[in-house]
Amino acid sequence: MAETDVIPIETAQERHKPAGLLEVIGEIQRYSVAESGGSVIPEDYYTIDMRMEYFWLGMKTVIHGGFLMMLLMPLFVGVIQAKIPVFGHRVPTLFDRGYVFVMTISFSLVYALFFTYAARFNAGRVTKLMLNNLFWGATTGSFIKAVSSAAFYHFVYYVVITDANLYSVLNKMTRVSSVFRKEIYYWVRDIRPVLLSSSWMMLLTALIFILLCWGSYIASENRKNDRRRPYGRR
């Protein structure tokens with residue numbers, strides 16, 4: 001096949017817009033097959049609306065996964081710091097910590113694996129653009145996830161769970177013994193710092209996610225540049 005041949009993958013009318021990450025990876029894979037086989041696909045074939053789709057899907061995927069992590073992260077940190085007895089153990093066991101860890105990061109970890117898997121289909125100019133838009137969307141989503149989580153945790157820490165609010169709520173629980181209410185008061189005050197620690201953990205996980213994505217992308221670029229090109233330059 002000549003270097004100047006162009007294989008149109010699909011026309012704008014025939015193209016099915018990807019609705020999720022798996023469909024995005026499938027589309028990248030199809031373009032990768034064409035570019036790996038020597039087809040020269042013009043960069044303008046990857047239109048502006050497709051670029052926005054990839055950016056948006058990358059960002060949306062990370063934010064969706066990050067919402068569940070934001071809810072579970074205080075529980076994970078509380079278990080690690082032995083402040084929340086998730087299964088009734090005062091001192092968390094290895095199983096307790098492992099279970100909560102997997103439950104907290106499972107969605108984000110699976111998404112990270114899919115993003116790194118997508119990087120292997122970096123075969124030419126168009127697939128490179130696709131991955132760039134997808135990964136920049138994921139990077140933006142990670143930043144939004146970290147900032148919004150930190151804002152939420154700090155709001156709950158400084159505005160919601162204050163001594164005055166806690167005292168007001170417990171004071172209305174007249175059917176609960178004063179001894180038990182006192183225990184609840186000191187327990188809640190003790191676990192409040194978990195929220196601030198969770199902010200740092202969300203930032204750390206976001207950075208790790210970004211490093212995994214771009215690390216796999218850089219590795220794919222190096223592989224593409226190092227391997228022999230039997231079909232000519234790309």
The stretch 205-224-the stretch 103-159 distance, computed between alpha-carbon centres (Å): 11
Which residues does the label zone of PHE101 cover in the stretch 183-203, counting backbone N under 13 Å from a point 7 Å along Cα→Cβ? none
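Could you give the length gained on full extension between VAL188 and GLN81, defined as 0.36 nm per residue of separation minus the Cα-Cα distance, in nm?
Working: separation 107, 0.36 × 107 = 38.52 nm, distance 1.42 nm.
That pair, VAL188 and GLN81, stretches by 37.1 nm at full extension.
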Please give the FRET efficiency for SER178 paired with GLU221, using the beta carbon to beta carbon distance and R0 = 45 Å, rounded to the nearest 0.05. 0.10
With springs connecting C-alpha atoms under 10 Å apart, model the chain as a Gaussian network and identify which of ILE48, ILE63, ILE208 has the largest mean-square fluctuation. ILE48
In 5 Å bins starting at 0, how do the alpha-carbon pair distances of the stretch 132-234 split up by percent? 2, 11, 14, 12, 10, 9, 8, 7, 6, 6, 4, 3, 2, 2, 2, 1, 0
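Could you sort TRP136, TRP187, TRP200, TRP214 by their accessible area in this structure, using a 1.4 Å probe and putting the largest first? Before the final figure, lay out each step's value.
Details: TRP136 140, TRP187 115, TRP200 180, TRP214 50 Å².
The most accessible residue leads, giving TRP200, TRP136, TRP187, TRP214.
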Report the paramagnetic label zone for HIS154: residues of the stretch 170-197 whose backbone N is under 17 Å from a point 7 Å from Cα along the Cα-to-Cβ axis. 193-197
With no solvent and one equal point scatterer placed on each C-alpha of the chain, evaluate the Debye formula and give log10 I(q)/I(0) for q = 0.08, 0.16 Å⁻¹, two decimals. -0.44, -1.07
Along each principal axis, Cα extent of the stretch 19-106, largest first, Å: 63, 25, 17
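Put ARG189, ARG181, ARG90 in order of accessible area, largest first, 1.4 Å probe: what do you get?
Details: ARG189 110, ARG181 50, ARG90 215 Å².
Largest to smallest exposure gives the sequence ARG90, ARG189, ARG181.
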At 1.4 Å probe radius, can you tell me the per residue accessible area of the stretch 63-118 in Å²? 56
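In what sequence, largest accessible area first, do THR104, THR140 appear using a 1.4 Å probe? It would help to have the intermediate numbers written out before the result.
Values: THR104 5, THR140 45 Å².
Sorted by accessible area, descending: THR140, THR104.
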Label-point gap, in nm, between PHE114 and ASN132 - each point 7 angstrom along Cα→Cβ: 2.4
Taking the Cα atoms of the stretch 153-208, report the difference between the largest and smallest coordinate on each principal axis, in whole Å and largest first. 47, 18, 13
Might you work out the accessible area of ASP163 for me, using a 1.4 Å probe with all protein chains in place, and round it to the nearest 10 Å²? 60
Approximate spin-label separation ILE144-VAL33, in nm, with each point projected 7 Å along Cα-to-Cβ: 3.2
Got a number for carbon plus sulfur as a percent of the chain's accessible area, 1.4 Å probe? 66
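The values are calculated or read from the model by the stated rules, or taken from the named source; none is laboratory data. These numbers come from a predicted model, not from an experiment. Backbone-built Cβ (ideal geometry, glycine too); neighbour counts: all protein chains shown. These accessible areas exclude ligands, DNA and RNA; they are computed on the full protein's heavy atoms, side chains included. Shrake-Rupley method; radii C 1.70, N 1.55, O 1.52, S 1.80 Å.
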